[in-house]
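All remarks here apply to the structure that follows.
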Amino acid sequence: MGGGSSRIYRGNGVKLMLPSWLIIGSFLLLPVMMMAVYSFLTKEFRGGVIWEFSLAAYDQFFFDRGLFGDEPPKLEWTYIGIFWRSIWQAGLATIACLLIGFPTAWFIATRDPKSRSIWLFLVTIPYWVNLLIRTVSMKFLIRDTGPLNEFLMASGIISEPLGLINTNFAVQLGLFYSYLPFMVLPIYAAVERYDFALSEAAADLYAGTWTILRLVILPVVKPGIIAGCILVFVPSLGAFLAPDLLGGAKTFMIGSLIEEQFKGSAGNWPFGAAASMILLTIVMCVLLVYARSQNKGEAR
Amino acid sequence: MTSFDIAVAVEKVIKRYGSVTALHGVSLDIRENEFFTLLGPSGCGKTTLLRAIAGFEDVSEGRILLKGQDLTGLPPHKRPVNTVFQQYALFPHMTVTENVLFGLLRKGWSRQDAVRRAQDVLALVQLSDFANRKPTQMSGGQQQRVALARALAPRPEVLLLDEPLSALDLKLRQAVRLELKALQRETGIAFIFVTHDQEEALTMSDRIAVMSNGHVQQVGSPKEIYEAPTNRFVADFIGETNLLDVTVQSISDGVATVLLPGDKPFTCPAAAVLDAGSGHLSVRPERISLCAEPLAHLSATVTGHTYLGTDIQLHVRLVDGEAMTVRLQNAESTVVPATGAHIGLNLEAGAARLLAD
């Protein structure tokens, strides 16, 4: 809490924090608490809830009690499977973003300051267009009768459409495209602060190019890499536009599952809320493990 | 002349950046076990030369030999020299020990030997108690010693130092000068030290190369550089000097007779073979004494004085209008002539030198 300005604000801390607390409270904490409460209520058949405590939502998520609910409970794999698929889809998208995003960020950060801002602007340009429209455009681009396939067939490289649409690959492509800038920007910020004299010092101390990357550059820019991975992984895990529009039924992900529960009359609000809470728990666990490991590294 | 073992031989090195030439055919021999300083103003090429020895810059022409081995084309990590960087460039994510171990392990030392060596080197720079700290938790002076330890640990053939004292405050800088010099004696390897600070260069070096505009102007011991500068640039850059326009009457065997302003003849050493005509006489301000006007070499009018603590700087104007400064020691008996007074200036024997341009 240091800094010369702290004296001016002394004693006004609570007042100054009020707007932030109001916004975080009403738009973050309150909705999460509502979800938590809803997940323990009984479902109303046309959507909505009956205010009656019930564990049915969680029970439905984890256990299969047969069609009429009278058989002995078996572990239900459907939803766990969807979660598992979502986690590895999101993980894969994160790795793809990292592999492309790191060199991109490195490239931008090592340009001269003037062209850096141009490159950064180019990276953020797609964000001026709504995510839904971008995802639909992607669908038009890669579908069997889209420009990509038509160009490749016209030029004789392929004789049949690639069949990209409705595959895991298409979902990957959509997630990658949607979240790449979230990887590029934090890594860019870290690389921009990187002191290249460190690379020279390492070279001077008998380290070759790859050793410098592994032992000096990556550890020093690690905070940026981790921030980027979190910023890509978390929204990818809950994404529903890319899997819905590009993936079709085979690539159903958590986001779509939750979305369906709140849409139309077929929904099940408590179940959607329960799935959300389970997703939230997984994400929080990942972040906690990360924070724990960071603290250990610092204390050493 | 005694022969020395040469640690680094710089042979006619030219370095161009596009249309700009940073080094114009520099040749230098740096001896084993000497404290060698590259001294010059910023942009003179001293850092470029150091970086060329380290391998961070390729030379456009010429070559650099390390103990007879041609270094041309060898990347930095294959050259057995280590560098102390200007801002130290310590690895922020590693402890002091890990920083020092870095070069040893890359060089293929076993962990056990490397750890022992790191302990020895840290003891040498008096940092044993800080072995497990991170560099960010240390003061500038301590970081500088870590950088030294890290560079010395792998036993380089030559240690390169790129203005390592410039980030320290004055008091610390003065103390570290002596430590560095002692460390050089202790390790017995050549130190090549880059600085723009002439006082640093004079106090630490065995030999100094004064550089400007990509040329070596003069190489010599601090005493030679200070007392027998070969040209105007060196005389002007090292210490304070008065440069007088004089008429050269005769010159032979390094001794010249010149006509001082006011037309008194004066005999002094000459730095280079010059033709008779006009030349520059360099006179150190502390080698001038005041005396009665009729006997003096020069007549002058006092225009003012500046109080410097240990010294008093007297500003005078000669008969031909040239300005000069004279340093008077601030002793109890010193009488400072009043502004406007006419005084005589006596040049001590050997106080003045005739210089080339």
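Please treat every number below as a calculation from the coordinates, not as lab data. All values derive from a computational prediction rather than experimental measurement. Using ideal geometry, Cβ is built from the backbone for each residue, glycine included, and neighbour counts are taken over all protein chains shown.
Using DSSP, restrict attention to beta bridges with both residues in the protein assembly as shown and report what percent are antiparallel, rounded to the nearest 5.
75 percent
Please arrange B:I238, B:I53 by counting, for each residue, the other beta carbons lying within 10 Å of its beta carbon, fewest first.
Listing B:I238, B:I53 from fewest to most nearby Cβ atoms yields B:I238, B:I53.
So how tilted is helix B:111-124 from the main axis of chain B? Cα-based, degrees 0 to 90, rounded to 10.
The angle comes out at about 30 degrees.
What FRET efficiency do you get for B:S42 and A:R292 if R0 is 56 Å and r is their Cβ-Cβ distance, rounded to the nearest 0.05?
So the FRET efficiency works out to roughly 0.70.
Which far-off residues, 5 or more places away or on another chain, put their amide H under 5 Å from the one on B:A256, with H placed in the peptide plane?
When sequence neighbours closer than 5 places are left aside, the close amide H contacts are B:C268, B:A270.
Note the angle between two axes, namely the Cα long axis of helix B:96-106 and the longest principal axis of the Cα atoms of chain B, as a number of degrees from 0 to 90, rounded to the nearest 10.
Here the helix axis deviates by roughly 70 degrees.
What's the angle, to the nearest 10 degrees (0 to 90), between helix B:140-152's Cα axis and the longest principal axis of chain B?
70 degrees
Counting only other residues whose beta carbon sits under 10 Å from that of B:L23, what net charge do I get with K and R as +1, D and E as -1?
Cβ neighbours under 10 Å give a net charge of +2.
Among A:A197, A:A36, A:A227, which one shows the highest mean-square fluctuation when chain A is modelled as a Gaussian network with alpha-carbon springs under 10 Å?
A:A197
Per-residue counts of other Cβ atoms within 10 Å, averaged by peptide: what ranking do you get for A:205-213, A:240-248, highest first?
Answer by packing, highest mean first, reads A:240-248, A:205-213.
Students often forget the sequence filter, so: which lysines lie under 28 Å Cα-Cα from A:K139 once same-chain residues fewer than 8 apart are removed?
Partners found: A:K250, A:K263.
Within 10 Å of each Cβ in peptide A:210-217, how many partner chain Cβ atoms are there on average? Round it to a whole number, please.
Whole-number average of other-chain Cβ neighbours for A:210-217 is 2.
Can you tell me how chain A classifies by the Cα gyration tensor, rounded, prolate or oblate, using a/c under 1.5 as the rounded cut?
Oblate is the answer for chain A, as a/c is 1.5 or above yet b/c matches or exceeds a/b.
For B:E179, what is the net charge nearby, where nearby means another residue's Cβ is under 12 Å from its Cβ and Lys, Arg count +1, Asp, Glu -1?
Its environment carries a net charge of +4.
Starting from 0.36 nm per residue, how many nanometres of slack lie between B:S19 and B:S289 once their C-alpha separation is accounted for?
Taking B:S19 through B:S289 to full extension adds about 92.3 nm, to one decimal.
Considering only chain B, what is the antiparallel percent among its DSSP beta bridges, to the nearest 5?
Of the beta bridges lying entirely in chain B, close to 75 percent run antiparallel.
If each DSSP helix of 4+ residues adds -39,500 (n - 2.57) and the sum is divided by the residues in chain A, what number results at 222 nm, nearest 500 deg cm²/dmol?
-21000 deg cm²/dmol
For an R0 of 51 angstrom, estimate the FRET efficiency from the Cβ-Cβ distance between B:T187 and A:S26 and round to the nearest 0.05.
0.15
Given B:K78/B:K107; B:K134/B:K171; B:K15/B:K46, which pairs have Cα atoms separated by over 18 Å?
Over 18 Å Cα-Cα: B:K134/B:K171.
What is the distance, in nm, between label points placed 7 Å from the Cα along the Cα-to-Cβ direction at A:C285 and at B:D113?
Going by the 7 Å Cα→Cβ label model, 4.8 nm.
Among A:C285, B:C44, A:C97, B:C291, what is the fewest-to-most ranking by other Cβ atoms within 10 Å?
In order of increasing Cβ crowding within 10 Å: A:C285, B:C291, B:C44, A:C97.
Other chains' Cβ within 10 Å of B:70-79 residues: what's the mean?
3
Would you mind ranking A:V184, B:V194, A:V49 by Cβ crowding within 10 Å, fewest neighbours first?
The order, fewest Cβ neighbours first, is A:V49, B:V194, A:V184.
Could you check the spin-label model distance between B:A349 and B:D253? Points 7 Å from the Cα along Cα→Cβ, value in nm.
So the two model labels end up 1.6 nm from each other.
Please report the spacing between the Cα centers of the stretch A:80-113 and the stretch B:151-226 in Å, no decimals.
For the stretch A:80-113 versus the stretch B:151-226, the Cα centre distance is 48 Å.
Please give the Cα centre distance for the stretch B:40-111 versus the stretch B:332-357, rounded to the nearest Å.
Between the Cα centres of the stretch B:40-111 and the stretch B:332-357 lies a distance of 47 Å.
Taking loop as defined by DSSP and a crowding limit of 15 other beta carbons within 10 Å, which chymotrypsin sites (Phe, Trp or Tyr not before Pro) in the stretch B:169-259 fit?
Taking the stretch B:169-259 and a limit of 15 other Cβ atoms within 10 Å, no loop chymotrypsin sites (Phe, Trp or Tyr not before Pro) are found.
How many partner chain Cβ atoms sit within 10 Å of a residue's Cβ in peptide B:81-91, on average, as a whole number?
The per-residue average across the peptide is 4.
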